[in-house]
Amino acid sequence: MKTQLVILLFTFILVACGGDDSSQQTVEKQVAIDDSPPPLTNTSELVSNNDFSFTSSATIKVTLPVTPSSTIGYFINICADFSNENGIDKVNYDSCKLRASLTPNEQNFTLRLSNAETILIAQIWPLQDGAKPISQYFTIQETGNIWRITQP
């Protein structure tokens with residue numbers, strides 16, 4: 001009786017575990033055939049429309065304003081990664097495209113953006129204790145490739 005119980009238990013375990021792997025091997029082989037990569041293509045074989053430029057970036061021209069004060073310094077950051085939480089701009093300063101001081105003369109810069117960077121923030125910081133930045137925003141779809149930042 002003890003032997004019959006062991007055989008019955010062993011049979012139950014084999015059935016519960018799925019028995020042999022023959023059905024799984026067939027599925028695995030079929031998946032391997034179905035997921036085969038497409039044939040390789042050389043870049044010399046690629047064909048595109050004549051108007052496709054293969055560029056993944058945009059260039060914008062930025063004009064910085066003159067400093068509004070001769071006694072207070074002003075610093076500007078132009079960044080691509082930011083959010084606004086409860087009316088407060090939170091900027092990832094590692095995403096800044098330009099960091100500069102405002103001077104008595106207008107300054108012109110050319111910035112290169114990826115296609116994903118379509119909205120920028122400019123924060124103008126007065127260099128004095130307790131000062132808060134003045135934020136201005138740029139959207140390439142609305143403004144085009146020219147951004148003239150106004151004086152704070």
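Write out, first by first residue and then by second, each pair whose Cβ atoms fall under 9 Å of each other, whose residues are 6+ apart or on separate chains, and whose first residue, in region 71-92, is part of a loop (DSSP other than H, G, I, E, B) while the second is small (Gly, Ala, Ser) and surrounded by 18 or more Cβ atoms within 10 Å (Cβ to Cβ).
Within 9 Å, the pairs are Asn92/Ala80.
Looking only at region 114-145, how many residues end up being farther than 19 Å from Ser57 by Cβ and small (Gly, Ala, Ser)?
4
Select from region 68-117 the residues that are among the charged types (D, E, K, R) and open to solvent by less than 60 Å² (accessible area, probe 1.4 Å) and write down the one among them that is nearest to Ser135 (Cα to Cα).
To start, the set of residues in region 68-117 that are among the charged types (D, E, K, R) comprises 81, 85, 89-90, 94, 97, 99, 106, 112, 117.
So of that shortlist, the ones also open to solvent by less than 60 Å² (accessible area, probe 1.4 Å) come out as 89, 117.
Working: Asp89: 8, Glu117: 17 Å.
Result: Asp89.
If the Cβ limit is 7 Å and pairs must be 6+ apart or interchain, which residue in region 97-116 that is among the hydroxyl-bearing types (Ser, Thr, Tyr) pairs with which residue that is open to solvent by 90 Å² or more (accessible area, probe 1.4 Å) and not in a strand (DSSP E or B)?
As it stands, the answer is none, since no pair meets every condition given.
For region 117-143: of the residues being assigned to a helix (DSSP H, G or I) and not polar (S, T, N, Q), which is farthest from the chain's Cα centre (by Cα)? Working first, answer last.
Pass one, region 117-143, residues assigned to a helix (DSSP H, G or I): 140-143.
After this cut, where a residue has to be not polar (S, T, N, Q) as well, the list is 140, 142.
Values: Ile140: 16, Glu142: 21 Å.
Looking at residues that are assigned to a helix (DSSP H, G or I) and not polar (S, T, N, Q), I get Glu142.
The values are calculated or read from the model by the stated rules, or taken from the named source; none is laboratory data. No experiment lies behind these values; they were computed from the predicted model shown. Reconstructed Cβ throughout: ideal geometry from the backbone, glycine too, with neighbour counts over all protein chains shown. Remember, those area values only see protein heavy atoms, side chains included, never the ligands or the DNA or RNA. Shrake-Rupley method; radii C 1.70, N 1.55, O 1.52, S 1.80 Å.
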